[in-house]
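**Student:** Handing you this structure, nothing more for now.
The values are calculated or read from the model by the stated rules, or taken from the named source; none is laboratory data. Being a predicted model, the structure only gives us computed values, none of them experimental. Don't worry about glycine lacking a Cβ; one is built from the backbone with ideal geometry, like all the others, and counts go over all protein chains shown.
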Amino acid sequence: MLSLHMLRPFAQDIWTLSHPHRFGGIPVGTRMTVMRNGQGEVILHSPVPLSPEVQQEIETLGPVKAIICPNRFHHLYAAAAKERFPKAALWGPRGLQQKRPDLLFTGLFDLTSPTTCCDLPVHLIAGSDAIQEVAVFHPASKTLVLADFIMHLGKRGNWLNRLFAKLEDCDQEPRTPRLFRLFSKKRDTRQSLEHLMTWPFERVMIAHGPPISENGREAFKRACAWILK
Ligand SMILES: [Fe+2]
């Protein structure tokens, strides 16, 4: 049986590690995705706290070249991850630099550049300045890697947890949280999602809720039906 404190294989050259996490007091959990590119380099997406054992496990996968903060909210454990892997480049959306001036980013994603990170296609989803979600495509596993743009909180926990999930419309199946939809400039976001659909993904990784390992394109279209025609 796999330990909750070790990396969990998801598909070819991609692993995950979950971590308990509360948002506004609500236990939503969070998840790091670890990817290896075609050159054998390792990329950490949305890092969580890393024990010495996990650090060692990651080091056996290959040299860690980049740590990605995937939006303006997922940055709490980035500095600690950078300490564990000081040679790794630290990337995040441009708006996160203003929020966390203490983080020394190697590079920032914006709406025009760059379009890859360690050879993996990346795209800042337009239309939401508050979130600035950075989507990543991992070709070896055909996985679209997201953080908050889609959530699946289910119907677990106490009444407050279930109410939160219902209000966000993320209780039944993976969906873009309602709050995100309200603050999106829909035309810009739609163009971004159409760009993501050009990536040949079959799986979708999310930070809050079970990863989508089958029929990922259909699940993504359903999750984004509020905007994707
Ligand atoms: Fe999140």
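**Student:** Could you grab the pairs with beta carbons closer than 6 Å, sequence gap of 6+ or different chains, first residue in the stretch 36-62 and within 20 Å of H21 (Cβ to Cβ) and in contact (Cβ under 8 Å) with a residue 60 or more places away in the chain, second one small (G, A, S) and crowded, with 16+ Cβ neighbours inside 10 Å?
**Tutor:** S46/A147; S46/A207
**Student:** Residues in the stretch 4-19 that are touching a Pro at 6+ places or on another chain (Cβ under 7 Å) and not aromatic (F, W, Y): how many?
**Tutor:** Here the count works out to 2.
Quick grid of which residues meet (1) of a type in the set (A, V, I, L, M); (2) surrounded by 13 or more Cβ atoms within 10 Å (Cβ to Cβ); (3) in contact with a strand residue (DSSP E or B) (Cβ under 8 Å, 6 or more places away or on another chain):
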residue: S141; (1), (2), (3): no, yes, yes
residue: I150; (1), (2), (3): yes, yes, yes
residue: N161; (1), (2), (3): no, yes, yes
residue: K166; (1), (2), (3): no, yes, no
residue: R190; (1), (2), (3): no, yes, no
residue: M197; (1), (2), (3): yes, yes, no
residue: P210; (1), (2), (3): no, no, no
residue: R217; (1), (2), (3): no, yes, no
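**Student:** With the checklist (1) assigned to a loop (DSSP other than H, G, I, E, B); (2) in contact with a Cys (Cβ under 7 Å, 6 or more places away or on another chain); (3) among the aromatic types (F, W, Y) in hand, flag the one item F105 doesn't pass.
**Tutor:** (2)
**Student:** Oh, and also: From the residues in the stretch 36-60 that are assigned to a strand (DSSP E or B) and more than 18 Å from D148 (Cα to Cα), which one is nearest to the ligand (Cβ to nearest atom)? Can you show your working first?
**Tutor:** Of the residues in the stretch 36-60, the ones assigned to a strand (DSSP E or B) are 36, 42-45.
With the extra rule that they be more than 18 Å from D148 (Cα to Cα), the set shrinks to 36, 42-43.
On the way: R36: 24, V42: 22, I43: 18 Å.
The residue in question is I43.
For (1) crowded, with 22+ Cβ neighbours inside 10 Å; (2) at pLDDT below 95; (3) more than 18 Å from the chain's Cα centre (by Cα), each residue gets a yes or a no:
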residue	(1), (2), (3)
R8	no, no, no
H21	no, yes, no
G25	no, yes, yes
I43	yes, no, no
H75	no, no, no
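**Student:** Write out, first by first residue and then by second, each pair whose Cβ atoms fall under 8 Å of each other, whose residues are 6+ apart or on separate chains, and whose first residue, in the stretch 142-162, is on the phi > 0 side of the Ramachandran plot and at pLDDT below 90 while the second is surrounded by 15 or more Cβ atoms within 10 Å (Cβ to Cβ) and among the aliphatic types (A, V, I, L, M).
**Tutor:** These pairs meet every condition: G154/A165; G157/I26.
**Student:** Could you list all residues from the stretch 13-35 that are away from the ligand (no atom under 13 Å from the Cβ) and among the aromatic types (F, W, Y)?
**Tutor:** Of everything in the stretch 13-35, just one residue is away from the ligand (no atom under 13 Å from the Cβ) and among the aromatic types (F, W, Y), namely W15.
**Student:** So is F10 within 16 Å of the ligand (Cβ to nearest atom) and under 30 Å from E214 (Cβ atoms) or not?
**Tutor:** No; evaluated as a whole, the condition is false for this residue.
**Student:** When you go through (1) closer than 17 Å to P93 by Cβ; (2) at pLDDT 95 or above; (3) of a type outside the set (S, T, N, Q) one by one for F183, which number turns out not to apply?
**Tutor:** (2)
**Student:** If you take just the helices (runs of 4 or more DSSP H) that sit entirely in the stretch 116-208, which of them hold at least 1 residues that are charged (D, E, K, R), touching a helix residue (DSSP H, G or I) at 6+ places or on another chain (Cβ under 7 Å) and within 16 Å of the ligand (Cβ to nearest atom)?
**Tutor:** Fully inside the stretch 116-208 and qualifying: 178-182.
**Student:** Restricting attention to the stretch 78-89, does a residue exist that is farther than 28 Å from I131 by Cα, more than 17 Å from the chain's Cα centre (by Cα) and more than 16 Å from the ligand (Cβ to nearest atom)? Reasoning before the result, please.
**Tutor:** In the first step, residues of the stretch 78-89 are kept if they are farther than 28 Å from I131 by Cα; the result is none.
No, the stretch 78-89 contains no residue that is farther than 28 Å from I131 by Cα, more than 17 Å from the chain's Cα centre (by Cα) and more than 16 Å from the ligand (Cβ to nearest atom).
**Student:** Do we have I227 as within 16 Å of the ligand (Cβ to nearest atom), closer than 28 Å to P114 by Cα, touching a residue at least 40 places away in the same chain (Cβ under 8 Å) and not charged (D, E, K, R) here?
**Tutor:** no
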